[in-house]
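The values are calculated or read from the model by the stated rules, or taken from the named source; none is laboratory data. Model, not experiment: these values are computed from the prediction. Note that each Cβ is placed from the backbone with ideal geometry, even for glycine, and that neighbours are counted across all protein chains shown.
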Amino acid sequence: MTIDRSAADTEKSSGISLKQLYPWIVIFLCALFAFYKYVLQVSPSVMTTDLMHQFKVNGAGLGNLAATYFYAYLIAQLFAGPLLDRYSPRFLITGAIAICGLACFAFANTETLATAAFSRALMGIGTAFATVSYMKMSVLWFRPNQVAFVDGFLGTAAMVGAMCGQIPLAFLVTHTSWRTSLIYCGIFGVVLAVTFLFIVKDRNAANIATNATAPKHTMIKLSDIATILKNKKNWVLTFYSGLAFTPLAVLGGLWGNPFFETAHHLTPTQAASFTTCIFLGFAVGGPLFGYFGGDIKQRIRLSMVGTGLALIALLFIIYAINLPLWLFAVMLFIFGMGMGSYMSCFSLAKEMNQIGFAGTIVALINTGDALFGSITEPLIGKILDIFWDGKIANGVHYFSTTDFQFALMLLPVYLVAALGCLVLLTRMK
């Protein structure tokens, strides 16, 4: 009898362990989706010359091609949050990941600009679910006192993805081709989608959640969405999110690498390694600012500090081109670390609204990133074309350091405006 009871106790202990582990498996797979999103988002930055040569486009044309991702992302965000709040996340997230993988295959095999733009738009549609999915699943699978801690890892996962979209992807592009690199990205997406489908279960059906008080799938109504949209604080956070994150997305996603190559005479792989410093800083800054954050006012103040720090570093990055490379790398890291404070806007938004509509709230805040990103990348390309002196290098337009400095002056302006949003938020009741 003693042996049987011991075996039963062991089995029970194992069962408890699985209950504790399973939510982390779910959130890890959601983190991989966020990782995948940022690999795809920044991937054009290590292919700029190849894409301009392949599709015969100038700076504005390349900016528009890359921005089709944000156009589609912006529209899809309007539906991603309400869908995840209303329906089971399992099939929605699986389908979104699969769309990304198939879009990579389509982009890798296209010969026309129209198909490339369509494929890029599909990536935007699929990845529109990544951040919202992570935030929604953290609410469904973890206790309320764990959610903020779990959410802090989203920035780390995203920035690891962005880093992998730099040096490793640049290395792959250099030693294979941009097409082969995207095929590998497509394979990763398909494998992740299949894994998610067979491992992740809906919380209500799984019956192994650790958080019995987590909100169930809520039948969100138009009146609920109207309430969210009427909250002025949500709109201020949305604009802050877009204004604060776009400088990081632009430098890390499309125009940073070619600017660094020109201003500091770097190879594409070297430029990618410096861009990685931004994402490394963000990966450190996100959890760091989250750890020291207290109540809402304290987190807003910390966001001001981080955004101000990022602004100062960004001015050095763009205009102090004679910096030693080691100091240039430090400034990139400080810029990324300061921008890590941006992650607090999601937790602020969830606290300022009904937690059962977390997906919709996060989707609204995320539209700021897509809105400003979709405008800024082609706008910078257009400004580069305006100041272009007609020089051609390797069959594509060559932009000087001065051209880049004029075009990138938008980014410090964005951060000043982001600080203004935070000041406004402190004065709102």
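For this structure, a couple of remarks:
- Within region 309-356, the set of residues being aromatic (Phe, Trp, Tyr) and either in contact with a His (Cβ under 9 Å, 6 or more places away or on another chain) or surrounded by fewer than 17 Cβ atoms within 10 Å (Cβ to Cβ) (or both) comprises Tyr319, Trp326, Phe328.
- Test: Ile99 is part of a helix (DSSP H, G or I), among the β-branched types (Val, Ile, Thr), within 22 Å of Thr360 (Cα to Cα) and free of Cβ contacts under 8 Å to residues at least 60 places away in the same chain: yes
- Within region 67-80, residues that are on the phi < 0 side of the Ramachandran plot reach partners that are surrounded by fewer than 24 Cβ atoms within 10 Å (Cβ to Cβ) and of a type in the set (Phe, Trp, Tyr) with beta carbons closer than 8 Å, at six or more positions or on different chains, in the pairs Thr68/Phe118.
- Per the listing Ala162, Ala148, the residue uniquely in a helix (DSSP H, G or I), within 13 Å of the chain's Cα centre (by Cα), modelled with pLDDT under 80 and at negative phi is Ala162.
- Test: residue in region 300-307 that is at pLDDT 85 or above, surrounded by fewer than 17 Cβ atoms within 10 Å (Cβ to Cβ) and out of contact with any helix residue (DSSP H, G or I) (no Cβ under 6 Å at 6 or more places or on another chain): yes
- Counting only residues that are surrounded by 19 or more Cβ atoms within 10 Å (Cβ to Cβ), of a type in the set (Val, Ile, Thr) and under 24 Å from Val132 (Cβ atoms), region 16-53 holds 4 of them.
- Considered as a group, the residues in region 372-382 that are surrounded by 21 or more Cβ atoms within 10 Å (Cβ to Cβ) and over 13 Å from the mean Cα position of the chain (by Cα) include one that is modelled with the lowest pLDDT, and that residue is Ser374.
- Within region 103-149, being over 14 Å from Pro23 (Cα atoms) and either in contact with a strand residue (DSSP E or B) (Cβ under 8 Å, 6 or more places away or on another chain) or among the basic types (Lys, Arg) (or both) holds for one residue alone: Arg120.
- Considering only residues in region 261-286 that are under 20 Å from Lys37 (Cβ atoms) and aromatic (Phe, Trp, Tyr), the one that is surrounded by the most Cβ atoms within 10 Å (Cβ to Cβ) turns out to be Phe282.
- Some residue of region 324-340 being in a helix (DSSP H, G or I), more than 20 Å from Thr275 (Cβ to Cβ) and either modelled with pLDDT of 85 or more or touching a Ser or Thr at 6+ places or on another chain (Cβ under 8 Å) (or both): no
- Just one of the listed residues (Thr131, Thr174) is assigned to a helix (DSSP H, G or I), within 26 Å of Thr48 (Cβ to Cβ) and over 13 Å from the mean Cα position of the chain (by Cα), namely Thr174.
- The one condition in (1) buried (at least 18 other Cβ atoms within 10 Å of the Cβ); (2) outside any helix (DSSP H, G or I) that Glu111 fails to fulfil: (1)
- Search result, residues across region 80-102 that are surrounded by fewer than 24 Cβ atoms within 10 Å (Cβ to Cβ), among the β-branched types (Val, Ile, Thr) and under 14 Å from Val26 (Cβ atoms): Thr94
- The residue list Gly285, Gly336 contains one member that is within 19 Å of Val413 (Cα to Cα) and of a type outside the set (Asp, Glu), which is Gly336.
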